[in-house]
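Undergrad: Please find one structure pasted underneath; my questions will follow.
Bear in mind these aren't lab numbers, they're just calculated from the coordinates by the rules spelled out. Predicted, not measured: the structure shown is a model, and the values here were computed from it. In this analysis, Cβ positions are derived from the backbone assuming ideal geometry, glycine residues included, and neighbour counts consider all displayed protein chains.
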């Protein structure tokens, strides 16, 4: 998102009639220019881009640095091919145009499309490069088209003279099936010094890779940025909502599992208690309490929220005293299970020995040291161990809340 | 117009009078033709640390001793004098030309424009010399640009410390920040005191 003023130097010399880049060198260049303008203005709305031609009758500035994309695209129309490219003059005029930019805070950058042979000698180009570096102007060179002896060497020398901390780049594009713009998309010229390119560049790259003009969501961000933005935002919201729903479902599923397991536990406990019942009179009395204890425990299973942790004890008390009340409470509590928060993991409550024993102690007629009660606790422990392993962090939370 | 101190500079006085560095907007300081981008910020420090060259210093690119430093202040200041500590072996700057309240000067501008004031510097490795300004011209300085065109014979120019002596006003010579342009005036936005005081005519 670097604030930048860019001048693009177009080569519209006779060499651009050649068709080795589809459809013609000049057309490929024009497409690349359009893409670059779009990328620059998208990456930072205050960026400005200007265009000049280097060949023809002489160096001519078509549009001074502006952030109006339409103006830039319009001036690319009706350009004529002819003459010879004057690289040195082109760069110097570009530098002058950048010097008179309106917003002095913008960084200066020149992008040169060098398609025809370079007439100047290496020394002259190096002098120009040094001057650019001194005035902290960055330079990107696109070397395509003609490849006569020395051209690459000269351009590399120019780049070396300008380059300050890797802000300047050179790209060599050989003739071939891939379009000039596609090759450029993946280069730092487009992505801007490796800051992680603009969304436009990324989506255009994806499109190029896919081979279809399918932008993200099938809408060209260039043509309709608001629609593209709206689509992106609604996609994010949908994703977030789905995640929340999935999380919810997972919780409820696991809770129902535990509920089922607890019920099994109570059943087996009842069976075991029934067996030992005949032996001990004391156990008989305890049995009634155990039943109500089971009810209480079952109830506290249905109890969802941890904030009602204390209320668990109270409700268990009430339940122990009045089975009907317990039933009524159970029904009402079941309604509220839907609203349960993720905190309320009751198996953790039960896994917590001290909490269970505190409940039991508050129940009338239940002696925590009673062997049958201890048996119940032990079986509860076994049941809840698998869950406990899953969510160990919840247990300390419960500790704090108490 | 260089003058030397007539007292020893271990005095508390000296450091407090060279305190304008506190009013420099360091984030917006830039330099042209510096070898390491951003190294210009290291030359603005307290008077006591002016000889402390363990940190970075400002150096121009190889083979080109010209330097241009742009310094904006956080409020308008009055500058009485300037002190420059250069490098050894001919890397000190030999000339200084300053421009006041001009944005975006580059080398071609600096070379062609008439500076507000210029000095011939001497090698000042201990920072004891200060160069007095024509105070009347430096009364409300929002930003200052220092141009060092040449050094004492070396290929590069090094600067270890730049100090400003003067006083800071609390004023800001700033662009008008908030303007509201109206296509059609809305009378309720323009209630005068007479109207709100409950006069007979009332504009809603």
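Undergrad: According to the square roots a ≥ b ≥ c of the eigenvalues of the Cα gyration tensor, what is the shape class of the range A:65-120, taking rounded for a/c under 1.5, prolate for a/b larger than b/c otherwise, and oblate for the remainder?
TA: Taking the square roots of the gyration eigenvalues as a ≥ b ≥ c, the range A:65-120 is oblate.
Undergrad: Tell me, what is the FRET efficiency for residue A:102 and residue B:39 to the nearest 0.05, using R0 = 22 angstrom and their Cβ-Cβ distance as r?
TA: About 0.15, to the nearest 0.05.
Undergrad: Okay, next question. In whole Å, what three semi-axes, largest first, describe the equivalent ellipsoid of the range B:105-147 built from its Cα gyration tensor (square root of 5 times each eigenvalue)?
TA: Here the semi-axes work out to 21, 16, 10 Å.
Undergrad: Moving on. What ranking do A:139-149, A:65-75 get when scored by the average of other Cβ atoms within 10 Å per residue, highest first?
TA: A:139-149, A:65-75
Undergrad: Sticking with this structure for a sec: Taking beta carbons within 10 Å but only from partner chains, what does the mean come to for residues B:100-108? Spell out each step's value before the answer.
TA: Values: counts 0, 0, 0, 2, 7, 1, 9, 3, 5.
Mean inter-chain Cβ contacts per residue within 10 Å come to 3.
Undergrad: Could you give the distance between the Cα centres of the range A:59-86 and the range A:1-33, to the whole Å?
TA: The range A:59-86 and the range A:1-33 have Cα centres separated by 10 Å.
Undergrad: Rounded if a/c is under 1.5, else prolate if a/b is larger than b/c, else oblate: which is the range B:1-151, with a ≥ b ≥ c the root eigenvalues of its Cα gyration tensor? Could you put the intermediate results ahead of the total?
TA: Numbers: a/c = 1.36, a/b = 1.14, b/c = 1.19.
Cα axes put the range B:1-151 in the rounded bin.
Undergrad: Related question: Using alpha carbon coordinates only, what is the Rg to Rh ratio of the range A:1-152, with Rh defined as the Kirkwood radius?
TA: Looking at the range A:1-152, the ratio lands at 0.95.
Undergrad: Could you tell me which of rounded, prolate or oblate describes the range B:64-156, using a ≥ b ≥ c as the square roots of the eigenvalues of the alpha-carbon gyration tensor, with rounded for a/c under 1.5 and, failing that, prolate when a/b is larger than b/c and oblate otherwise?
TA: Here the range B:64-156 falls in the oblate category.
Undergrad: Let me ask something else. Give the order of B:112, B:17 when sorted by the count of other beta carbons within 10 angstrom, beginning with the fewest.
TA: Working: B:112 7, B:17 17.
Least to most surrounded, the residues fall as B:112, B:17.
Undergrad: Tell me, A:41, B:54, B:156, A:152 in order of fewest to most beta-carbon neighbours within 10 Å?
TA: Ascending number of Cβ neighbours within 10 Å: B:54, A:152, B:156, A:41.
Undergrad: Okay, next question. Please average, across the residues of B:64-70, the number of beta carbons from any other chain that are within 10 Å of each residue's own beta carbon, and give a whole number.
TA: 1
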